[in-house]
1. Spin-label point model (7 Å from Cα, Cβ direction): what's the Leu102 to His36 distance in nm?
2. Straight-line reach from Lys3: which lysines have Cα under 27 Å away, leaving out those fewer than 8 places along the same chain?
3. In a Gaussian network model over the chain where Cα atoms closer than 10 Å are linked, find which of Ile29, Ile171, Ile72 has the largest mean-square fluctuation.
4. Which option, (i) 0.97; (ii) 1.03; (iii) 0.94, is the value of Rg/Rh (Cα atoms, Kirkwood Rh) that was calculated from these coordinates?
5. Would you look at the GNM of the chain, springs on alpha carbons closer than 10 Å, and say which of Leu59, Leu140, Leu114 moves the most?
6. With the dipole of the chain worked out from charges on the C-beta (+1 for Lys and Arg, -1 for Asp and Glu) around the Cα centre, which of Leu140, Leu58, Ala125 lies farthest toward the positive end?
7. Would you work out which of Ser110, Ser159, Gly175 lies farthest towards the positive end of the dipole of the chain, given +1 charges on the beta-carbon of Lys and Arg and -1 on that of Asp and Glu, about the Cα centre?
8. If you take the square roots of the eigenvalues of the alpha-carbon gyration tensor of the range 39-101 and sort them as a ≥ b ≥ c, do you get rounded (a/c under 1.5), prolate (a/b over b/c) or oblate?
Amino acid sequence: MLKVALTGGIATGKSYVLEQLRDRGVPAIDADDIVHESFEPGTPVTQAIALEFGPYALLPDGRVNRAALASIVFADAAARLRLEAIVHPVVYNEIRDWFATLDRPFAVASIPLLYETFRDADFDAVVVTACRADQQLERLVARGLSEKDARLRMAAQISTEEKAMRADYVIWTSGTTQETNAQVDDLLVKLSSI
């Protein structure tokens, strides 16, 4: 089975492309969903985060306080690396186990920080979603982030341009949804022929 990774910078259209792949019957798993589940009360990840960052990293109900944690890790690269050391092994183990359950020609794992974690070699093909940096910033601000916070999050990742250069396939999301959908359909044709 072909193991495909879908990645790209924050607000470049990964979630939309992932949804389109799922709508077309492609088995897919999302690293963000794994992280959300691991941040629930009482999980090993939540316990490790509380030990590493203190009890203020948790909400009163025991879940990880994502906003408080974000304010720490996007302002401090060393703190971000400590968080990633807790979260990333859990994410990659779950993705590996998920692929092992499948018997399909190919499946997709959406992993926003694939290149940043140096795990692209774990996959047979890498697809990057990409758009212009000004669009990326615009989309983040539209989600409610300040321009400063949006720029901090963008700066915490490898640039879209570099990701696009390293990818096997690029889906440009700067245009209309119809243009993006056509690229998704084209991608499926290419993956089916490998």
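What follows draws every value from the coordinates through simple rules; no lab data is involved. Keep in mind that what you see is a predicted model, and the values were worked out from it rather than measured. Virtual Cβ from ideal backbone geometry, glycine too; neighbours counted across all protein chains shown.
1. Result for the modelled spin labels: 1.9 nm.
2. Hits, sequence-local ones excluded: Lys14, Lys163, Lys190.
3. Most flexible of the set in this elastic network: Ile72.
4. (i)
5. Leu59
6. Of Leu140, Leu58, Ala125, it is Leu140.
7. Ser159
8. oblate
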